[in-house]
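Peer 1: Structure below; questions to follow.
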Amino acid sequence: MEQDKFVRNYLNGLGSLLPKLDDAAITKAIECLRDAAQQGNTIYICGNGGSASIASQMVVDIVKGASTGREPRFKMICLNDSISTITAYANDVDYDCVFVEQLKNFAGEGDVLLAISGSGNSGNVLRAVEYANQVGCKTIGLTTSEGGKLKDISQLPLVVPSSHMGHLEDSFFIMTHVLCYAFIEKVF
């Protein structure tokens, strides 16, 4: 059946990407999150659309799963979770500033920003990364390796060699789970 072929092709396509993810870069990202927690710094995360959902889920896994009953506890904030703040900036200023303006209120040296963009060109994500770099935050970008600016301006790019949005988001979700479960399962 045509549907069976589609399902197998989708899963095979995704499965072929996972071995191509950079283990060493993911390990560095885990170390970066560990250092932020140990030093009492805050971790910020942002994305749009499906990437926003992935960002929200990562905060749940870190703030609850990796922190409950443990020390040091993680301080993590998802910049796309306050719809009132986002729509106020989008309406009154510009959508491209919805993340950077929040960072201007909170972010400082030693904090971490995880930025997710499938295209690598989301204006609001890029502006947040540029600002975070300027104020001394560590920046991690989850994006495609096939274009876009995010991989170039992030201090630690975690790239997926695909332009298929479904496969990108699946891979981002897997990478964020690896980042979280390194702490949930007490590997780091």
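The values are calculated or read from the model by the stated rules, or taken from the named source; none is laboratory data. Just so you know, these numbers come straight off a predicted model, no measurement behind them. A quick note on method: Cβ atoms are made from the backbone with ideal geometry, for glycine too, and the neighbour counts reach across all protein chains shown.
Peer 1: Inside the range 1-97, counting only helices (runs of 4 or more DSSP H) that do not spill past its ends, which hold 2 or more residues that are within 25 Å of residue 124 (Cβ to Cβ) and in contact (Cβ under 8 Å) with a residue 40 or more places away in the chain?
Peer 2: Of the helices (runs of 4 or more DSSP H) lying wholly inside the range 1-97, those with at least 2 residues that are within 25 Å of residue 124 (Cβ to Cβ) and in contact (Cβ under 8 Å) with a residue 40 or more places away in the chain span 23-38, 50-60.
Peer 1: Does residue 158 qualify as being under 20 Å from residue 81 (Cα atoms) and crowded, with 19+ Cβ neighbours inside 10 Å?
Peer 2: No.
For (1) more than 26 Å from residue 14 (Cβ to Cβ); (2) more than 11 Å from the chain's Cα centre (by Cα); (3) touching a residue at least 40 places away in the same chain (Cβ under 8 Å), each residue gets a yes or a no:
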| site | (1), (2), (3) |
| --- | --- |
| 99 | yes, yes, yes |
| 123 | yes, yes, no |
| 126 | yes, yes, no |
| 134 | yes, yes, no |
| 157 | no, no, yes |
| 162 | no, yes, yes |
| 169 | no, no, yes |
| 180 | no, yes, yes |
| 183 | no, yes, yes |
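Peer 1: Let me ask you something else. Quick one: count up the residues across the range 58-81 that are surrounded by fewer than 16 Cβ atoms within 10 Å (Cβ to Cβ), over 16 Å from residue 33 (Cα atoms) and modelled with pLDDT of 95 or more.
Peer 2: Qualifying residue count for the region: 1.
Peer 1: Let me spell it out: the conditions are (1) aromatic (Phe, Trp, Tyr); (2) surrounded by 14 or more Cβ atoms within 10 Å (Cβ to Cβ); (3) out of contact with any Cys (no Cβ under 7 Å at 6 or more places or on another chain), and residue 89 meets all of them except one. Which number is the exception?
Peer 2: It is condition (3) that residue 89 fails.
Peer 1: If a residue must be within 24 Å of residue 18 (Cβ to Cβ) and surrounded by fewer than 17 Cβ atoms within 10 Å (Cβ to Cβ), how many such residues does the range 122-144 contain?
Peer 2: The number of residues fulfilling the criteria is 0.
Peer 1: Within the range 107-188, which helices (runs of 4 or more DSSP H) (wholly inside it) include 2 or more residues that are under 25 Å from residue 64 (Cβ atoms) and out of contact with any strand residue (DSSP E or B) (no Cβ under 8 Å at 6 or more places or on another chain)?
Peer 2: Per the criteria, 165-184.
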